[in-house]
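Structure first, then comments.
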Amino acid sequence: MIFPAFDPMKIARLSLLAALATLSAVAAPEESLKNWPSWRGPLSSGVAPLANPPVSWDENSHVKWKIPVPGEGTGSPVVWNDLVFILTAVPTGTNGSGNGAPAGSDQPQEEEKFTVLAYERSTGKLRWQDSPRVEVPHEGHHKDHGFASASAVTDGEVVIAYFGSRGLHAYDLAGKPLWHKDLGKQHTRNGFGEGSSPALHGNTVVIVWDHQGDDFIAAFDKRTGNELWRKTRTEDTNWSTPLIVEKEGHAQVVVNSSNKVRSYDLTNGDLLWEAGGQTANAIPTPVAGDDRVYVTSGFRGAAFQAITLGRKGDLTGTDAIAWTHNKNTPYVPSPLLYDSFLYFFAGNNAQLTVLDSKDGATRLDAERLDGIFGVYASPTAAAGRVYLTGRNGVVWVIKPGAKLEVLSKNKLDDNFDATPALVGNELFLRGHKYLYALSGADAVAK
């Protein structure tokens, strides 16, 4: 048992204090801190400040339940109290008509059911499901993911499911549809498909619509679906999820992009600041802390910027860029900010770098994680531990800090591209075939 001399609740309290002292993303209410309401957790950082999930597991130990998940999807599990939400696209086995590709083309021919699934957290039993759209997709996707790559987001009042070209959909937690918005069809670079998730703050839902066409960022009222504002953007296809942060009590939306990182006023969408310097295909979602936002990308280049919040205008080349790092940055996985350290992978490879968030100094440089082959999931952390998830079903648990200290190496019989959710004493892992609930409790049910 790790940390045998410590009370788990004490660990959780210490973790919470450290996280809240470090992070300057929008402050989460207490109920949100107990849950995993979006794909980067309650603080939009990858940190679960009140969780104490298991340290070690395998198929025969600490598996509370394991259930098959229909269809395909790489979005993370989202957890609120007794519910776990998953988005998926399920092939119907039939050809559709009307909005699909012409017969004989290499584009999709089969209908997909774009589906929201809500499971009981305690048992894995399906509580409710809804398929708001059933259609043939108008274009394909990257070979490593399907048609449902976004994660849901919830605040305990509504759950927002975003299927991109198949619409933005709101439900209450009992599964009653509240509203939906059809935003059109995206045409992504190389037909790689869609992947950006929505952000939710207060009564405002924000989505980014960047593709090989007319781009925009838009905000909607979570209660009614009414559009609050929309601003034109100029970008190529973007798979990054927006980050909502606060500076001096005023919320802004930071969007990582290839041409420029931009921040918008959450109230009216006005552009607050922008900064160039990222690479092409800027996918990772930023994290925030210490009055800075940390932004990275790693396709055909390497870029990591610490951008000071509170400035206005074009910040490119100014002292608002506190530091930069241009080596071994991630392509798909987002960075983790935990206890003043930044953790990230090189490209999509199992090579871990750790930077000091204060000055960008390298503390661990692309250290190879033997036994992990390929990474899409982002690092997460809780209770003084960092969780590193590989595509081949291997998860390393390490101590946080400037050197690599491994607590455990764990393997399950599935492949994982989705970022895990850490809630209470549980760890939820969404694989290609199964959804796992792993428990740190002494007594577990199989």
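Results, tabulated for the structure shown:
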| quantity | calculated |
| --- | --- |
| Selection within region 371-387 - surrounded by fewer than 24 Cβ atoms within 10 Å (Cβ to Cβ), closer than 21 Å to SER149 by Cα and either at pLDDT below 95 or hydrophobic (A, V, I, L, M, F, W, C) (or both) | PHE373 |
| Residue tally, condition in a strand (DSSP E or B) and at pLDDT 95 or above, over region 42-72 | 9 |
| Flag if THR204 is crowded, with 16+ Cβ neighbours inside 10 Å, touching a residue at least 40 places away in the same chain (Cβ under 8 Å) and among the polar types (S, T, N, Q) | yes |
| Flag if VAL406 is in contact with a strand residue (DSSP E or B) (Cβ under 6 Å, 6 or more places away or on another chain), among the β-branched types (Val, Ile, Thr) and without any contact (Cβ under 8 Å) to a residue 12 or more places away in the chain | yes |
| Region 266-285 - residue that is within 19 Å of THR232 (Cβ to Cβ) and under 22 Å from the mean Cα position of the chain (by Cα) and, of those, surrounded by the most Cβ atoms within 10 Å (Cβ to Cβ) | ALA282 |
| Scope region 122-155; condition at pLDDT 95 or above and under 20 Å from the mean Cα position of the chain (by Cα); matching residues | SER151, ALA152, VAL153, THR154, ASP155 |
| Single condition ASP210 does not satisfy, out of (1) at pLDDT below 95; (2) surrounded by fewer than 23 Cβ atoms within 10 Å (Cβ to Cβ); (3) touching a strand residue (DSSP E or B) at 6+ places or on another chain (Cβ under 9 Å); (4) among the acidic types (Asp, Glu) | (2) |
| Qualifying position, being closer than 24 Å to ASP130 by Cα and in contact with a Ser or Thr (Cβ under 9 Å, 6 or more places away or on another chain), among LYS260, LYS176, LYS222 | LYS222 |
| Considering residues of region 168-186 that are outside any strand (DSSP E or B) and either within 22 Å of the chain's Cα centre (by Cα) or under 18 Å from THR204 (Cα atoms) (or both) only, the residue modelled with the lowest pLDDT | GLN186 |
| Subset of region 199-246 [of a type outside the set (D, E, K, R) and touching a Gly at 6+ places or on another chain (Cβ under 6 Å)] | TRP229, TRP239 |
| ASP414, sole failed condition from (1) among the charged types (D, E, K, R); (2) without any contact (Cβ under 8 Å) to a residue 40 or more places away in the chain; (3) part of a loop (DSSP other than H, G, I, E, B); (4) farther than 28 Å from GLY71 by Cα | (4) |
| Pairs where the first residue, in region 272-292, is within 12 Å of ILE307 (Cβ to Cβ) and the second is aromatic (Phe, Trp, Tyr), C-beta under 8 Å, 6+ apart | LEU272/TYR264; PRO286/TYR294; VAL287/TYR294; ALA288/TYR294 |
| Close pairs (6 angstrom Cβ cut-off, 6 or more residues apart or separate chains): closer than 10 Å to THR237 by Cα in region 169-195, in a helix (DSSP H, G or I) and among the hydroxyl-bearing types (Ser, Thr, Tyr) anywhere | GLN186/SER165 |
| Selection within region 134-157 - over 14 Å from VAL84 (Cα atoms) and among the aliphatic types (A, V, I, L, M) | VAL134, VAL136, ALA148, ALA150 |
| Subset of region 106-165 (residues that are without any contact (Cβ under 8 Å) to a residue 60 or more places away in the chain, under 18 Å from SER196 (Cβ atoms) and assigned to a loop (DSSP other than H, G, I, E, B)) | PRO137, HIS138, GLU139, GLY140, HIS141, HIS142 |
| Qualifying residues in region 292-314 (those that are of a type in the set (A, V, I, L, M) and closer than 17 Å to GLY347 by Cα) - the one surrounded by the fewest Cβ atoms within 10 Å (Cβ to Cβ) | ALA302 |
| Answer residue from region 213-251, given it is under 22 Å from ALA275 (Cβ atoms) and among the β-branched types (Val, Ile, Thr) and is modelled with the lowest pLDDT among those | THR237 |
| Matching option when the condition is without any contact (Cβ under 8 Å) to a residue 24 or more places away in the chain, out of contact with any helix residue (DSSP H, G or I) (no Cβ under 9 Å at 6 or more places or on another chain) and within 25 Å of LEU173 (Cβ to Cβ), among ASP215, ASP221 | ASP221 |
| Residues (surrounded by fewer than 17 Cβ atoms within 10 Å (Cβ to Cβ) and not in a strand (DSSP E or B)) located in region 213-258 | GLY213, ASP214, ARG223, THR224, GLY225, ASN226, THR234, ASP236, GLU248, GLY249 |
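Yes/no matrix, rows are residues, columns are (1) at pLDDT below 95; (2) closer than 19 Å to ASP417 by Cα; (3) surrounded by fewer than 16 Cβ atoms within 10 Å (Cβ to Cβ):
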residue	(1), (2), (3)
THR74	yes, yes, no
LEU83	no, no, no
GLY96	yes, no, no
ASN99	yes, no, yes
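The values are calculated or read from the model by the stated rules, or taken from the named source; none is laboratory data. Computed from a predicted model, the values in this text were never measured in an experiment. Because the Cβ atoms are built from the backbone with ideal geometry, glycine has one as well, and the counts that use them run over all protein chains shown.
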